[in-house]
1. Report the label-to-label distance for Thr134 and Ser115 in nanometres (one decimal), using points 7 Å from each Cα along the Cα→Cβ vector.
2. Taking the simple approach of a point 7 Å from Cα along Cα-to-Cβ for both Glu147 and Lys208, what is their distance in nm?
3. Given the Cα-Cα distance of Leu11 and Leu177 and 0.36 nm per residue of separation, how much length would full extension add, in nm?
4. Which ³J(HN,Hα) values in Hz, rounded to whole numbers, follow from the phi angles of the stretch 221-234 under the Karplus curve 6.51 cos²θ - 1.76 cosθ + 1.60, where θ = phi - 60° and Gly and Pro get x?
5. Can you tell me the relative contact order of the stretch 135-228? Whole percent, Cα pairs under 8 Å, sequence separation 6 or more.
6. Taking θ as phi - 60°, what are the ³J(HN,Hα) couplings along the stretch 242-250 by the Karplus curve (6.51, -1.76, 1.60), each to the nearest whole Hz, with x for Gly and Pro?
7. Place a +1 charge on the Cβ of each Lys and Arg in the stretch 202-253 and a -1 charge on the Cβ of each Asp and Glu, then give the dipole magnitude about the Cα centre in debye, rounded to the nearest 20.
8. With a ≥ b ≥ c taken as the square roots of the eigenvalues of the C-alpha gyration tensor of the stretch 140-256, please select rounded if a/c is under 1.5 and otherwise prolate if a/b is larger than b/c or oblate if it is not?
Amino acid sequence: MTYHLFHADCLEWLAKCPPNSLHACITDPPYGLIEYHPDHLAKRRNGHGGVWRIPPSFDGSNRQPLPRFTVLTENELKKLSDFFGEWATQLIRVLVPGAHVFIASNPLVSHWVWSSLTNKGFEKRGEIIRLVRTFRGGDRPKGAEKEFADVSAMPRSAFEPWGLFRKPFEGTLAENLRSWKTGGLRRPVSETPFTDVIPSGRTPQDEKNIAPHPSLKPQKFLRQLAWAALPLGEGEIVDPFAGSGSTLAAAESLGYDSFGIELDREYFELANVAVPRLAKISTHITFLELSETEIEIA
């Protein structure tokens with residue numbers, strides 16, 4: 001076993017960590033914050049109420065509950081920004097120079113999260129686009145579906161943005177790799193760079209059965225991030241919002257050391273059971289390759 005799970009508040013846990021001790025962070029945080037308040041989680045689990053939208057079946061498919069990001073008030077968005085600012089302050093202290101942070105978000109709130117990290121000293125290094133077609137968006141105006149049959153309230157989601165950040169370092173990348181084993185991204189194979197577009201698809205049902213978490217990401221996708229996060233294949237990955245432990249499972253499958261922190265007791269207990277089972281799932285990892293002839297330069 002190369003992973004360690006903690007039932008704790010991630011801010012308190014990070015505050016106790018020694019500086020320059022962790023080599024990468026891969027996490028899918030509760031970026032709406034209020035959805036993951038215990039009261040709202042309880043309502044979600046009961047199937048009604050709260051800020052979770054419990055959608056009806058659509059074209060024969062039952063959609064998962066979705067957080068109502070559009071109802072976040074200015075005050076709630078301010079709290080979100082303040083929270084991630086405090087989180088970034090703690091995280092940048094415990095990461096080694098050159099460590100990368102992969103953090104999931106969505107197009108509606110990503111700018112609030114991204115700015116919180118850069119304001120606290122992280123370098124933004126780009127975004128990873130997870131290509132995944134979901135049922136989010138694309139609906140006709142509520143209560144007037146027939147009247148405005150050719151109108152969508154917002155685009156149907158076909159991607160998920162992951163912010164990519166790095167803790168600054170001094171000197172050259174080569175020097176930092178020698179000193180801290182970080183600063184770059186591990187190639188999938190020697191001839192192919194890690195790319196910022198990853199075809200993903202929705203999480204397979206067998207993984208959902210093991211870890212029924214509302215934002216479970218597929219192992220095939222997370223293992224590509226974990227592989228890239230440690231450029232020399234050495235170091236420790238942290239997930240401060242571990243959920244059901246999917247990031248830890250991805251690291252475990254690659255033989256990487258990892259730490260997961262989860263505040264919700266039910267998800268923490270789920271992760272204890274799910275991580276070893278998810279890590280054993282066999283999945284063929286493929287990386288998107290674009291030849292020069294396939295890239296159009298405007």
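What follows is calculated from the coordinates using simple rules that are stated; it is not laboratory data. Every value quoted in this text rests on a predicted model; they were computed, and no experiment measured them. Neighbour counts run over all protein chains shown; Cβ positions are idealised from the backbone, glycine included.
1. Each label point lies 7 Å from its Cα, and together they span 2.3 nm.
2. Each label point is offset 7 Å from its Cα along the Cβ direction, giving 3.4 nm.
3. Numbers: separation 166, 0.36 × 166 = 59.76 nm, distance 2.80 nm.
Gain in length upon complete extension: 57.0 nm.
4. After applying 6.51 cos²θ - 1.76 cosθ + 1.60, I find 6, 5, 5, 5, 5, 4, 4, 6, 5, 10, x, 10, x, 10 Hz.
5. Numbers: 67 pairs, mean separation 16.5, N = 94.
After rounding, I find 18 percent.
6. 5, x, 8, x, 5, 5, 5, 5, 5
7. Details: 5 positive and 6 negative charges, 62 e Å.
It works out to roughly 300 debye.
8. Because a/c hits 1.5 or more and a/b exceeds b/c, the stretch 140-256 counts as prolate.
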